[in-house]
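Novice: I have a structure here, written as structure tokens, and I will follow up with some questions on it.
The values are calculated or read from the model by the stated rules, or taken from the named source; none is laboratory data. Not measured: the values here are computed from a predicted model. Backbone-built Cβ (ideal geometry, glycine too); neighbour counts: all protein chains shown. The accessibility values were calculated without ligands, DNA or RNA, using every heavy atom of the protein model including side chains. Shrake-Rupley method; radii C 1.70, N 1.55, O 1.52, S 1.80 Å.
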Amino acid sequence: MGLEILPREILTLIIGLLVNRPNHIVDCHRNLQDICNARLVSRLWHTLATPLVFENVTLAYNEQYQAWNDMVDREVVRQAIRYAYIRSAPVDDHPDGIWNAYSDCGYNGLIDAIGRLAELDRIKALHLRFSRHCGGAEGDYHRDEVVETISSRQKILESVFQAIQRRSSYTHGARTVGSLTIENLQNAPLPEFTSSKLFKSVTKNIHALHLMVADEYDDAGPDWDTYRIERRVFEPYLHHQWLAPLSDHLVHLTLSFQVGWGTIPGYFDGSGLHFPRLEMLNLGNFVIGHHDQFDWVLTQSSLVSLCLDRCSIVSHITTHRSNLHEWAVRTHDWHEYPLGSFGIDDDCAIFGFSGTWEAIFDGICTKLSNLREFRFHYEYEPVFPVCPEMLSVSLTKQRYTTFDDFWHDADEDTGLLDFGDSGWGIPDERYVNRSNETEIGDGRALDDLLQEIRNRQQQ
């Protein structure tokens, strides 16, 4: 019996199994070889497979965009596209690499190509990926030729939003774009953009927002990265300009940073944030430094899924005393050590924080009564975009961190954390080990939380 006698709906589902979809969130890495071969079987298979081939499309920076324009010129393609992945960096931008500057024709061509998103009346999700490399507001002139500047990023953001806004006039009855993923959104506030009518008109329809925030770096070392002004001002801006305006209609939310965020040098105060419809929350590299700092998460009673990816609690903090005022550091809940502790001298402030994952896990267990999925995952960097079922749950030794003008990772085998300048050559005297101190309580609380999750899943 030939497959052609099956109803078209059934045959489309069967052919659709040939598409390798590695992530339910927009992803450009799909294996289309099998589905493309299926188009050669017959005219019927060609008709049914073509929309599946063009369901997910990629627009990447290059010197000419004829292929993209030819594709969008075709009505069958325009009707097929559901997801668009836009990559604005000229070439592959590995974290340890650099890329050359835009050419005028390539940059202008990209802006024009982005504008044609307005013609795609069935698109429902966008993934915009900038380069990891950023040019800061304070200037980094020796790198200006190899980074996406703040102004160029804003222009691309505005172009994407303008294209989404124009769809309503170009295409009658167009579906709304409900999912927006921005990878390597620079941690530079753009208040004119986020307070504009354009921003508000587009984001009012967004129910899924996924952000990976990129930061500037200094060639002198990670301790100098901390002094970038963006690291101090972006988190309040994120709260008030991105999250609060979208809070009443977000269902899925990812907040992930390339570096530790939340406590110092910037502070994320989530108090007052309420997402009445939020079902899935993913946090990446979030650092807890105060007893009430996680409370904003625990008030999201509608949560069904919570993923904590490379999140940690800071146990010890030190920085130059002048930074306390300049950064407006919140030291409540912290115990101050006398100067000279841990071998730290100069004019430094030294603090300890007693927070534990035991308290966090117990709070999740008792206050998020609708939670049915929980992940506690730790690797070299957060996974993005997040696919919860691919993340592990374990009591990692790296669940605590220290801050000495930059974040220190614990040893993954022992939990030892570098802190201070004491005992060089005598390792036991220059390390702290908060994970070892809290292992029994943290382990008990995580086990209780996971058991409660299993019980709810069986109900």
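Novice: May I ask you to list the residues in segment 190-213 that are at pLDDT 95 or above, part of a loop (DSSP other than H, G, I, E, B) and not polar (S, T, N, Q)?
Specialist: Matches in segment 190-213: L190, I206, H207.
Novice: So which pairs qualify, if the first residue must be in segment 258-276 and surrounded by fewer than 19 Cβ atoms within 10 Å (Cβ to Cβ), the second must be assigned to a strand (DSSP E or B), the Cβ gap must be under 8 Å, and the two must be at least 6 apart or on different chains?
Specialist: Within 8 Å, the pairs are V259/N285; V259/W407.
Novice: Quick one: how many residues across segment 365-416 are of a type in the set (G, A, S), open to solvent by 50 Å² or more (accessible area, probe 1.4 Å) and without any contact (Cβ under 8 Å) to a residue 40 or more places away in the chain?
Specialist: 2
Novice: Only one residue in T226, T171, T181, T176 is modelled with pLDDT under 90 and either surrounded by 20 or more Cβ atoms within 10 Å (Cβ to Cβ) or in contact with a strand residue (DSSP E or B) (Cβ under 7 Å, 6 or more places away or on another chain) (or both), so which one is that?
Specialist: T226
Novice: I've got another one for you. Which residues, counting only those in segment 239-257, are open to solvent by less than 10 Å² (accessible area, probe 1.4 Å) and in contact (Cβ under 8 Å) with a residue 40 or more places away in the chain?
Specialist: Matches in segment 239-257: W242, L246, L250, L253, T254, L255, S256.
Novice: Is it the case, given these coordinates, that V314 is surrounded by 20 or more Cβ atoms within 10 Å (Cβ to Cβ), assigned to a helix (DSSP H, G or I) and of a type outside the set (G, A, S)?
Specialist: Here the answer is no, as V314 does not meet what is asked.
Novice: Looking only at segment 220-268, which residues are assigned to a loop (DSSP other than H, G, I, E, B) and in contact with an Asp or Glu (Cβ under 8 Å, 6 or more places away or on another chain)?
Specialist: Scanning segment 220-268 gives T226, Y227, R228, I229, V251, G262, G266, Y267, F268.
Novice: Condition test on L417, is it of a type outside the set (D, E) and within 22 Å of F257 (Cα to Cα)?
Specialist: yes
Novice: Do we find that E381 is within 25 Å of the chain's Cα centre (by Cα) and of a type in the set (D, E, K, R) in this structure?
Specialist: yes
Novice: Next question. Collect the residues in segment 277-311 that are within 21 Å of T396 (Cα to Cα), over 17 Å from the mean Cα position of the chain (by Cα) and open to solvent by 10 Å² or more (accessible area, probe 1.4 Å), keeping them in residue-number order.
Specialist: H291
For every residue, the table says whether it meets (1) open to solvent by less than 30 Å² (accessible area, probe 1.4 Å); (2) farther than 22 Å from L449 by Cβ; (3) over 21 Å from the mean Cα position of the chain (by Cα).
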position	(1), (2), (3)
R321	no, yes, yes
D333	no, yes, yes
Y337	no, yes, yes
I350	yes, yes, yes
E358	no, no, yes
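Novice: What are the residues in segment 404-459 that are of a type in the set (A, V, I, L, M, F, W, C) and modelled with pLDDT of 95 or more, if any?
Specialist: I440, A445, L446, L449, L450, I453
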